[in-house]
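Chemist: This is the structure, below, for whatever I ask next.
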Amino acid sequence: MASAQRKDVPDMQAIRYPVTRRSLGSALAGAAITRPALSQDTWPGRPISLVVTYAPGGSADVLARLIAPGMGKALGTTVVVENRAGGGGIVGSDYVARATPDGHVIQIGAVSSHAIAEQLFGTRLPYDPQRSFTPISLILSQPNILLLGNHVQAQNADEFIRWGRSQRAVLFGTAGVGSSNHLSGAMIGDVFGIRMEHVPYRSGGQALSDLMAGNVHGVVDNIVTAAPLAKDGRARAIGVTSAGRSDLLPDVPSFREVGAPDFDLVSWQALYGPAGIPAERTERLNSALREALADPTVRARLAESGATISPGSPKELARFMAVEIPKWSRLVVLSGATPD
């Protein structure tokens, strides 16, 4: 089995601030002075920072720059995209969790930072995905897909399952340990009785290159990057991880269709702010996101990426997370993934 690439993970130890009688008194006095002024301000009183927890150019960054203009127009201010990358989304998420909860700092969170990270990092995670944030709305979801190399004899999902069970191990690549792609592969192995052996790469592009070179049997990747290879015949699409098929590859079945009725794993992105944002501001942010996502150009761009646009209420996002976190936590344990 290939060894996992070591990830650069920030020091996740909690930061403790000394509290003295003088500092506590000063803080309370300051609060007494500033709180009435804040309540009288018209919100938003300045541009809103939309934090992206990954580097520019990735899917979260593209999404943020698509919705920022529409949200700004709806709110009567400017929404500025701010990239705070590091730690697989943890650095930026921690920054948002510690921000003042006045609605001027929000973020695009993802399945990695707000569901998988809780089990993957444990006590090293500096925030609680449910308690440290104000849920605003789910934005979208995308399935992952299993691609096989053309050197593998299996032509479809049924043949893959039979072939996979006959192998000592099926080597599959992904862009990293503990990713939704890695955990999707682990679930494929679990439900179909196949030994899926993970081979982590530094990027999805490297994994796909090795697949076409015949160095691994398969790759589990996001559908938007995997679909072009399947359409061009450079790799073979076997199944999608969502409950239903994807419009990008309508001829490719879901794993539910081929014998796994409970299989439903998607990568998702949602809008959050720090815990404690007033309810009326949360609702305005939710409404602004809905207006941005209703723009035909935005919807067309997201549809091209295989995304299912699914905004909902803050309470619906909270309920969604209550289901997603234990689901992905079980897969982290099943896969044996660790951040080291």
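The values are calculated or read from the model by the stated rules, or taken from the named source; none is laboratory data. Every value quoted in this text rests on a predicted model; they were computed, and no experiment measured them. When we count neighbours, we look across all protein chains shown, and the Cβ atoms used for this are built from the backbone with ideal geometry, even at glycine. Just so you know, the surface numbers come from the protein's heavy atoms only, side chains and all, with ligands and any DNA or RNA stripped out. Shrake-Rupley method; radii C 1.70, N 1.55, O 1.52, S 1.80 Å.
Chemist: Go through segment 66-102 and count every residue that is at positive phi and either in a helix (DSSP H, G or I) or in contact (Cβ under 8 Å) with a residue 40 or more places away in the chain (or both).
Modeler: Looking only at that region, the number is 4.
Chemist: Limited to segment 98-134, what total is found for residues that are open to solvent by less than 30 Å² (accessible area, probe 1.4 Å) and in contact with a strand residue (DSSP E or B) (Cβ under 6 Å, 6 or more places away or on another chain)?
Modeler: Final tally of qualifying residues: 11.
Chemist: Can you pull out every residue in segment 143-184 that is farther than 23 Å from residue 267 by Cβ, in contact (Cβ under 8 Å) with a residue 24 or more places away in the chain and open to solvent by 10 Å² or more (accessible area, probe 1.4 Å)?
Modeler: The answer is 150, 151, 155, 156, 158, 161, 165, 167, 168, 169.
Chemist: In addition: Restricting attention to segment 202-242, which residues are assigned to a loop (DSSP other than H, G, I, E, B), open to solvent by 40 Å² or more (accessible area, probe 1.4 Å) and under 19 Å from residue 142 (Cα atoms)? Please lay out each step first, then the result.
Modeler: Residues of segment 202-242 that are assigned to a loop (DSSP other than H, G, I, E, B), as a first pass: 202-203, 213-217, 233-235, 241-242.
Then drop every residue that is not open to solvent by 40 Å² or more (accessible area, probe 1.4 Å), which leaves 202-203, 213, 215, 217, 233-234.
Across segment 202-242, the qualifying residue is only 203.
Chemist: Further question on the same structure: Report the residue count in segment 288-313 for those that are out of contact with any strand residue (DSSP E or B) (no Cβ under 6 Å at 6 or more places or on another chain), outside any loop (DSSP other than H, G, I, E, B) and among the hydroxyl-bearing types (Ser, Thr, Tyr).
Modeler: 1
Chemist: Across segment 243-255, what is the number of residues that are in a strand (DSSP E or B) and touching a Pro at 6+ places or on another chain (Cβ under 9 Å)?
Modeler: Kept after step one, since they are in a strand (DSSP E or B), are these residues of segment 243-255: 246, 249, 254.
Now narrow it down to the ones that are touching a Pro at 6+ places or on another chain (Cβ under 9 Å): 246, 254.
So the answer is 2.
Chemist: Of the numbered conditions (1) under 26 Å from residue 128 (Cα atoms); (2) modelled with pLDDT of 95 or more; (3) open to solvent by 70 Å² or more (accessible area, probe 1.4 Å), residue 48 satisfies every one except a single condition; which is it?
Modeler: Answer for residue 48: the failing condition is (3).
Chemist: Of all residues in segment 314-340, count the ones that are in contact with a helix residue (DSSP H, G or I) (Cβ under 7 Å, 6 or more places away or on another chain) and either of a type in the set (Ser, Thr, Tyr) or in a strand (DSSP E or B) (or both).
Modeler: 2
Chemist: Still on this structure: If you scan segment 185-199, which residues turn out to be in contact with a helix residue (DSSP H, G or I) (Cβ under 7 Å, 6 or more places away or on another chain) and either over 18 Å from residue 329 (Cβ atoms) or free of Cβ contacts under 8 Å to residues at least 60 places away in the same chain (or both)?
Modeler: Those that are in contact with a helix residue (DSSP H, G or I) (Cβ under 7 Å, 6 or more places away or on another chain) and either over 18 Å from residue 329 (Cβ atoms) or free of Cβ contacts under 8 Å to residues at least 60 places away in the same chain (or both): 192, 193, 194, 195, 196.
Chemist: Does residue 149 satisfy being on the phi > 0 side of the Ramachandran plot and either out of contact with any strand residue (DSSP E or B) (no Cβ under 6 Å at 6 or more places or on another chain) or modelled with pLDDT under 95 (or both)?
Modeler: no
Chemist: Kindly provide the set of residues from segment 264-279 that are within 20 Å of residue 309 (Cα to Cα) and in a loop (DSSP other than H, G, I, E, B), ordered by number.
Modeler: 264, 265
Chemist: Of everything in segment 81-97, what is farther than 19 Å from residue 279 by Cα and open to solvent by less than 20 Å² (accessible area, probe 1.4 Å)? Give them in sequence order.
Modeler: 87, 89, 90, 92, 93
Chemist: Name the pairs: first residue in segment 253-265 and within 19 Å of residue 115 (Cβ to Cβ), second residue open to solvent by 50 Å² or more (accessible area, probe 1.4 Å), Cβ to Cβ under 6 Å, at least 6 apart or on different chains?
Modeler: Qualifying pairs under 6 Å: 263/256.
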